[in-house]
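See below for the structure under consideration.
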Amino acid sequence: MTSRRTRIYEGKAKILYEGPEPGTVIVHFKDDATAFDAQKKAVIEGKGVLNQRISEYIFSRLNEVGIPTHFMRSLNLREQLVREVEIIPLEVIVRNVAAGSLAKRLGLEEGTPLPRSIIEFCYKNDALHDPMVSEEHITAFGWAAPQEIDDIMHMSIRINDFLTGLFLGIGIKLIDFKIEFGRLYENDMMRIVLADEISPDSCRLWDTKTNDKMDKDRFRRDMGGLVEAYQEVAKRLGIISENEKPERAKPKLVKSDT
Ligand code: UDP
């Protein structure tokens, strides 16, 4: 079945196929996990389905609150139909709490709250290991125009505010996350929309009470229990029920002790 479709691109965790209509693309979420510039690799059964469903849920909620995204609809547990966009070659990282490369770079202890949310840009280039760049580099090399950077920063802050609240309501701290944007061409118009995915592969998510990691750091740091952690995120979001049956429910509110 899948072999008859035209493959546009295969990345580390996803495959893109031509969509049924012009201007659409099918995204297939693989079970492959990679870290450290793909030096570390594994196949984790069930990861693709969980990421597809979590990303579908988040992109749908973002669409509802007026943040434009490429997402149209899920086609099955592993695949979604999205609008074709021209990907801006930047990884936009939003951070609320020090972790990962920021903690290392600035000598901060992981878990230290930041004075305010910070946005960083990395140039999407595997061969160069996605180097961090400034707005100066982005405009000088023409990766994005100044107005586009403004739109991206504004949308990133709104996404962070929305997601921070969404996760806090289900007992999860949003430490940081990576997002990507694309240019959507409609008639003579072009606008910037959120693209790619938002899932525990691209976020750091810590349990509010225990600080347990519920994200890809479980793979990066050989902690095990990745699928169980992603399942727990999906359960708390109300995407899957306790007995694993697909269900569309509301997020469960977890009362905080404070
Ligand atoms: N991230 C990602 N893809 C990347 C690099 C980072 O999804 O290629 C996410 C990562 O999961 C984390 C955030 O972006 O939620 C910040 O990552 P960081 O810069 O700390 O890099 P890392 O420690 O993952 O190398």
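Okay, here's what the table says:
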| read-out | value |
| --- | --- |
| Loop-exposed GluC sites (Glu not before Pro) per DSSP, neighbour cap 10 Cβ within 10 angstrom, longest uninterrupted part of the chain | 110-241 |
| Nearby lysines by direct alpha-carbon distance to Lys178 (threshold 19 angstrom, same-chain neighbours under 8 apart not counted) | Lys12, Lys14, Lys30, Lys47, Lys104, Lys124, Lys213, Lys216 |
| The chain: calculated mean residue ellipticity at 222 nm from DSSP helix runs of at least 4, using -39500 (n - 2.57) | -8500 deg cm²/dmol |
| Loop-located trypsin sites (Lys or Arg not before Pro) in segment 187-229, at most 12 other Cβ atoms within 10 Å (DSSP) | Lys209, Arg221 |
| For segment 104-179 and segment 182-235, distance of Cα centres in Å | 13 |
| Translational D in µm²/s for segment 5-81 (Stokes-Einstein at 10 °C, 1.306 mPa s, Kirkwood Rh from C-alpha pairs) | 119 |
| Gain on full stretching of the segment that runs from Thr139 to Arg220 - 0.36 nm per residue minus C-alpha separation | 25.9 nm |
| Residues with amide H under 5 Å from that of Thr24, placed H, sequence gap 5 or more | Gly19, Glu84 |
| Tail weight of P(r) past 29 Å, computed on alpha-carbon pairs of the chain, percent | 29 |
| Most mobile of Val27, Val65, Val227 in a GNM of the chain (Cα contacts under 10 Å) | Val65 |
| Loop sites in segment 94-164: chymotrypsin sites (Phe, Trp or Tyr not before Pro), DSSP, at most 13 other Cβ within 10 Å | Phe141 |
| P(r), alpha carbons of segment 59-164 - 10 Å bins starting at zero, rounded % | 12, 35, 37, 15, 1 |
| Listed residues Met189, Met223, Met72, most fluctuating in the chain (Gaussian network, C-alpha, under 10 Å) | Met189 |
| Fraction in percent of alpha-carbon pairs per bin - 5 Å, segment 38-115 | 3, 12, 13, 15, 17, 20, 14, 6, 1 |
| Debye intensity ratio in log₁₀ form over the Cα atoms of segment 110-257, taken at each q of 0.13 Å⁻¹ | -0.73 |
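A short reminder: the numbers here are calculations on the coordinates, not readings from a lab. What you see is a predicted model, and the numbers here were worked out from it, not measured in a lab. A quick note on method: Cβ atoms are made from the backbone with ideal geometry, for glycine too, and the neighbour counts reach across all protein chains shown.
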